[in-house]
1. Condition test on residue 16, is it modelled with pLDDT of 95 or more and either out of contact with any Cys (no Cβ under 9 Å at 6 or more places or on another chain) or part of a helix (DSSP H, G or I) (or both)?
2. Taking residue 346 as the residue in question, decide whether it is over 24 Å from residue 287 (Cβ atoms) and free of Cβ contacts under 8 Å to residues at least 40 places away in the same chain.
3. Taking the condition in contact with a helix residue (DSSP H, G or I) (Cβ under 8 Å, 6 or more places away or on another chain), free of Cβ contacts under 8 Å to residues at least 40 places away in the same chain and either in a helix (DSSP H, G or I) or among the acidic types (Asp, Glu) (or both), does residue 246 pass?
4. Suppose we filter the range 222-237 for residues that are surrounded by 15 or more Cβ atoms within 10 Å (Cβ to Cβ), of a type in the set (A, V, I, L, M) and not in a strand (DSSP E or B); how many remain?
5. Test residue 19 against the stated conditions and say whether it is touching a His at 6+ places or on another chain (Cβ under 7 Å) and crowded, with 19+ Cβ neighbours inside 10 Å.
6. I need a count of the residues in the range 38-54 that are surrounded by fewer than 21 Cβ atoms within 10 Å (Cβ to Cβ), in contact (Cβ under 8 Å) with a residue 24 or more places away in the chain and in contact with a strand residue (DSSP E or B) (Cβ under 7 Å, 6 or more places away or on another chain).
7. Within the range 163-221, considering only strands (runs of 3 or more DSSP E) that don't extend past its boundaries, which have at least 1 residues that are surrounded by 13 or more Cβ atoms within 10 Å (Cβ to Cβ) and among the basic types (Lys, Arg)?
8. Can residue 241 be described as surrounded by fewer than 11 Cβ atoms within 10 Å (Cβ to Cβ), within 21 Å of the chain's Cα centre (by Cα) and not acidic (Asp, Glu)?
Amino acid sequence: MSIEPTECLYDQDAYLREFTAEVLSCEPAADGQYDIVLDRTAFFPEQGGQSADTGTLDGRVRVLDAHIRQKVIHHLCDGPLAAGAKVRGALDFTHRFSHMQQHTGEHILSGLCAREYGCRNVGFHLSDRMVTVDYDKPLSGTQLERLEDLANRAVWADLPVRCWYPTPEEAESLDYRSKKEIDGRLRIVSIPGVDDCACCAPHVHTTGEVGVIRIMSAMNYKGGVRLSILCGERALRADRQRQRLLDGLCRQMTCGEDELGQVMAKRDAELKELKQRNAQLETGLLLTEAREAREKGQRCLLTAQADMQAMIRAAACLAEGRQELVGVFSGSDEAGYSFCLMGGEDLHREFEAFKARLNARGGGDSQLIRGKCGAAWAEISAYFEA
């Protein structure tokens, strides 16, 4: 049975929260869910990089997701509805409005990025947590700060956001952005002086409703840059969380925000010095243990010291004045043992026997072999006692 294209109420009114519709079909889907098709809907389906709206049908069946196939919108629901029934749909409008803030904010940022730096938007994803935007050129930290400033000035200007369908003649004269070829009727989202972009999603009425635009992070990506951004309430909550973390760090360091960088740099320098001194002390202790083990005629040594250079020095001390194979090990039966081996008449030949007996792997030269061993310590020590 063919189904007529769904009437998209979100396209007519992005602020529509409730609507009535007729159930055209209801079919079982995976995981005990149901695929429900309505004759009309305000639920925006997942498309164009944006996740779908959520909400309820008749107040009892939850709409978990929505997809569009061949112009028909399929609602993935947690319960069934009878075909032919008249139902009332209700959107989770907090979720919808957050998406509108994020998407309009992205248009502002991408439009200005194209105008100011000649960057083309080549990727976009709007989830329930984060928005990522990919541009085809790299941008410096200074450029990103300026871009964020310009974007927020456009928000504060409270510019009108117009979603419209140009005629073919109007479309020919428009200079608009588009990430892909348009299949079907062209819909343009226009923000004067900022952006004209082909887009099918709901948007806010004015830029002021976006609230604020924050670039949360930037990373090099495929020769360009990937930005993670947040707008409106999401940006507010993220900045509030960051402020909590900053306040906690300042309390821990007993300093103000303006002093934090200097205090952290000093603390890092002190920590580096302490680590160096600790390494020297541990190396000295390990060398003492190696000398004592050599004097007792022991050929292997287990240490808590994990620094390989210190272990190599200890192995050299253990091998001094003797021809037998010696080894220094660090680790546990559960995690395995790092090791370095020295001595022996033919180190490579002796390592082959060592590997075969003790599940080891590694490599080196005629003076030193380093690697990892999977045998238990009892087996390792018994090998050297034989």
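1. On the way: modelled with pLDDT of 95 or more: yes; either out of contact with any Cys (no Cβ under 9 Å at 6 or more places or on another chain) or part of a helix (DSSP H, G or I) (or both): yes.
Yes.
2. Working: over 24 Å from residue 287 (Cβ atoms): yes; free of Cβ contacts under 8 Å to residues at least 40 places away in the same chain: yes.
Yes: the conditions hold for residue 346.
3. Numbers: in contact with a helix residue (DSSP H, G or I) (Cβ under 8 Å, 6 or more places away or on another chain): yes; free of Cβ contacts under 8 Å to residues at least 40 places away in the same chain: yes; either in a helix (DSSP H, G or I) or among the acidic types (Asp, Glu) (or both): yes.
So residue 246 passes the test.
4. So the answer is 1.
5. Working: touching a His at 6+ places or on another chain (Cβ under 7 Å): no; crowded, with 19+ Cβ neighbours inside 10 Å: yes.
No; evaluated as a whole, the condition is false for this residue.
6. 6
7. On the way: elements: 188-191, 195-198, 213-221.
Here the list reads 213-221.
8. On the way: surrounded by fewer than 11 Cβ atoms within 10 Å (Cβ to Cβ): yes; within 21 Å of the chain's Cα centre (by Cα): yes; not acidic (Asp, Glu): yes.
So residue 241 fits the description; yes.
The values are calculated or read from the model by the stated rules, or taken from the named source; none is laboratory data. In this text the structure is predicted, and so the values were computed from the model without any measurement. Note that we place each Cβ from the backbone using ideal geometry, even for glycine, and neighbour counts take in every protein chain shown.
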